[in-house]
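The values are calculated or read from the model by the stated rules, or taken from the named source; none is laboratory data. All of these numbers come straight from a predicted model, not from anything done at the bench. Every residue, glycine as well, gets a Cβ built from its backbone with ideal geometry; the counts of neighbours run over all protein chains shown. Only protein heavy atoms, including side chains, enter the accessible area calculation; ligands, DNA and RNA are left aside. Shrake-Rupley method; radii C 1.70, N 1.55, O 1.52, S 1.80 Å.
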Amino acid sequence: MNRNKILIELEIPLIEKKYDLFIPINKKVGTIKSLIEDALIELTDNAYVPKEDYNFYSKETGEVYNVNKTIRDTDLKNGSRILLI
């Protein structure tokens, strides 16, 4: 098993989709968010339009993830479920 990545479930209510994603733990939350948003724009043929105030939220606790923290420094782990809203 790769210890540098974790598997998360990402739910995007705006487009009513869920994705299972491997994300690197050594990158910042904001970097991961930007990469995911860029991919969503392409995958949805521009139907997904990100806004500056969109954030990752824990589906379990409602906690907003700080974009300046690395994934490793959050409570995210294998199986975490997060929302992008």
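Couple of notes before you dig in:
- Surface composition of the chain: carbon and sulfur make up 49 percent of the accessible area, probe 1.4 Å.
- Residue among 13, 24, 50 with the largest mean-square fluctuation in a Gaussian network model of the chain, springs linking Cα atoms under 10 Å: 13
- In sequence order, calculated HN-Hα J values of the range 55-68 (Karplus, 6.51, -1.76, 1.60; Hz; x Gly/Pro): 9, 8, 10, 5, 5, 7, 10, x, 4, 8, 8, 5, 5, 8
- Positive contributions from Lys and Arg (+1) and negative ones from Asp and Glu (-1), summed over other residues with Cβ under 15 Å from the Cβ of residue 52, come out at -1.
- A cut-off under 11 angstrom between Cβ atoms defines the neighbours of residue 29, and their net charge, with Lys, Arg +1 and Asp, Glu -1, is +4.
- The charge dipole of the chain, taken about its Cα centre with unit charges on the Cβ atoms of Lys, Arg (+1), Asp and Glu (-1) only, comes to about 440 debye.
- Answer label, with Rg and Dmax of the Cα atoms in Å calculated from the coordinates and candidates (1) 12.1, 35; (2) 12.9, 40; (3) 19.8, 62: (1)
- Nearest-0.05 FRET efficiency for residue 14 and residue 72, computed from C-beta distance (R0 35 Å): 0.80
- Taking a point 7 Å out from the Cα of residue 26 in the direction of its Cβ, the residues of the range 66-85 whose backbone N falls within less than 14 Å of it are 70-73.
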